[in-house]
Amino acid sequence: MNTDVAGSDADTKADPTADTPDGAAPVEPATGSDGGQAPPGPLARALPVAAVVAAVLALVLGGLWLFALNSDATQVAQARDEALRDARQAVINLNTLDHKDAQKGLDLWIQSSAGSVRDEFVSNRDAYAKLVTDQKRTTAATVTDAAVTEVDPRAGTARVLAGVDVTVTPEGGQPAVTRQRIELGMVRTDDGWKVDALEPLVTPGTG
């Protein structure tokens, strides 16, 4: 009888399911081949990759944004420089006439203008030529200062303020300097920036 009891105790200790409910085997922690923790699953491995991808996208998008910003700034700066350069030349052209060759000066007026301003110069060309010839005066202009107050590279428009000294010399007389400030509306064309609006801001004075 004692032998049977001992055998029963030995069987109980040898059975791995004896201390688990319903006879289920105890769950052991997963280990790798070297006895350590098992490698992470696919989801865990994907998380670091997703973080790297997100960082790269952020850098790329940030770079594109900076590129667009710098591109806009470059376009504005270029348009401002071109409009200012052409406006300065236009001011000189529009205030320079020689009564001995009025047509040449009027050609420059037309070449420097666009829109309604050009239309006016074209339609009144003969009247301007006669006036200058009859008065026997020569004018020569010098731009004293100029600045772009507005520029829109996409629309191709700009506004420029310019100061100009016009030296008026009557035939056989002494030259006199007329000073004025002008606001010019500029429009970009295939041939550069042209004047499409023109307004004196100060009544010319003689000095």
Test: residue in the range 110-120 that is open to solvent by 30 Å² or more (accessible area, probe 1.4 Å), among the polar types (S, T, N, Q) and part of a helix (DSSP H, G or I): yes
Residue list for the range 93-118, filter: free of Cβ contacts under 8 Å to residues at least 60 places away in the same chain, touching a Ser or Thr at 6+ places or on another chain (Cβ under 8 Å) and aliphatic (A, V, I, L, M): LEU97, ALA102, LEU108
Selected residue (only one of ARG159, ARG137 is open to solvent by 60 Å² or more (accessible area, probe 1.4 Å) and over 21 Å from LEU106 (Cα atoms)): ARG159
Test for THR138: is it among the polar types (S, T, N, Q) and under 19 Å from ARG80 (Cβ atoms): no
Matching residues in the range 132-188 - criterion: being part of a loop (DSSP other than H, G, I, E, B) and under 14 Å from THR96 (Cβ atoms): PRO175
Hits in the range 119-161 (condition: within 16 Å of GLU183 (Cα to Cα) and in contact (Cβ under 8 Å) with a residue 60 or more places away in the chain): ALA146, ALA147, VAL148, VAL151, ALA158, VAL160
Residues that are of a type in the set (D, E, K, R) and either at pLDDT 95 or above or touching a helix residue (DSSP H, G or I) at 6+ places or on another chain (Cβ under 6 Å) (or both), drawn from the range 153-180: ARG159, ASP165
From THR167, THR189, residue being under 39 Å from the mean Cα position of the chain (by Cα) and either within 18 Å of GLN89 (Cα to Cα) or among the acidic types (Asp, Glu) (or both): THR189
Pairs where the first residue, in the range 169-181, is loosely packed, with under 11 Cβ neighbours inside 10 Å and the second is not in a loop (DSSP other than H, G, I, E, B), C-beta under 8 Å, 6+ apart: GLU171/HIS99; GLU171/ARG137; GLU171/THR138
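The values are calculated or read from the model by the stated rules, or taken from the named source; none is laboratory data. Note that the coordinates shown come from a computational prediction; the quantities given were computed from them, not determined experimentally. Using ideal geometry, Cβ is built from the backbone for each residue, glycine included, and neighbour counts are taken over all protein chains shown. Accessible surface areas use protein heavy atoms only, side chains included; no ligands, DNA or RNA. Shrake-Rupley method; radii C 1.70, N 1.55, O 1.52, S 1.80 Å.
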